[in-house]
Amino acid sequence: MLTFFFAFASKGGAQTATEPIYHFNLYLGVGPQKYFNDMDYDNLNDDRPAVFTARLMWQPEHILRIGLESGYLPLYYLETKFYDTVYGDTDAELSLNSVPIIAVFAMEVYDNFEIFGGIGGFILISRVSSFGNTVGSTSWSNAYELGMNYLYPVSEKLKIGGELKSYYILRLENFDLVFNVMFRYTLFSY
């Protein structure tokens, strides 16, 4: 009986192949966003589409995953006609766009369902056009991120789903709510 057990155990151990336990995943998302702010203008466009985010995550054998996120988020656009200034009336265009740079920590709490948070900052890119001149500037703001996603496996390497997240931008004291259609692709495993 003992010989049978050892023969069965050694045979079973020889047949099992070790699966990779470390993965590098690339997340790509696109979708609409809503920038919540306290500016009171009728023609302020603060729910601009075409938000793009990308995240590279290292997924070890335990549930905690770490990575880096960036992208492009147009926060708002404002166009005014006959804006009254001390120098006279002018047409004006103002825009604020951003590039997040966030260190992200995530965990899969249920199958295919992740929650994540991050800390980092935003490169804020502002542009103002008035009196026939255009001025642009960039600045930095610390920022936080919280979110969740559900990704359905399409193949061994590809998952597709949705993601809901919010950024809090400290310098502006406002937050941005983003919904992305998300694609996750496993770049390589070891």
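Structure above, values below:
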quantity: Amide H partners (placed H, <5 Å) of Arg171, local residues excluded; calculated: Asn142
quantity: Net length gained if the chain between Ser137 and Ile101 were fully extended (0.36 nm per residue, minus Cα distance); calculated: 11.2 nm
quantity: Phi-based couplings in Hz for region 20-27 (Karplus 6.51, -1.76, 1.60; Gly and Pro marked x); calculated: x, 10, 10, 9, 10, 10, 9, 9
quantity: Contour minus Cα-Cα distance for Arg127 and Tyr190 (0.36 nm per residue); calculated: 18.2 nm
quantity: Environment charge at Gly29 (Cβ cut-off 13 Å; Lys +1, Arg +1, Asp -1, Glu -1); calculated: 0
quantity: Lys81, Lys34 arranged by Cβ crowding within 10 Å, fewest neighbours leading; calculated: Lys81, Lys34
quantity: Under 5 Å, built H, 5+ apart or other chain: amide partners of Asn37; calculated: none
quantity: Computed label-point distance, nm, for sites Thr18 and Ser166 using a 7 Å Cα→Cβ extension; calculated: 4.4
quantity: Cut-off under 5 Å, modelled amide H: who pairs with Met182 long-range; calculated: Gly161, Gly162, Glu163
quantity: Cα-based convex hull, region 52-190, per residue volume (Å³, whole number); calculated: 125
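Coordinate-derived values only; no laboratory data. Just so you know, these numbers come straight off a predicted model, no measurement behind them. FYI the Cβ positions are ideal-geometry reconstructions off the backbone, even for glycines, and counts take in every protein chain you see.
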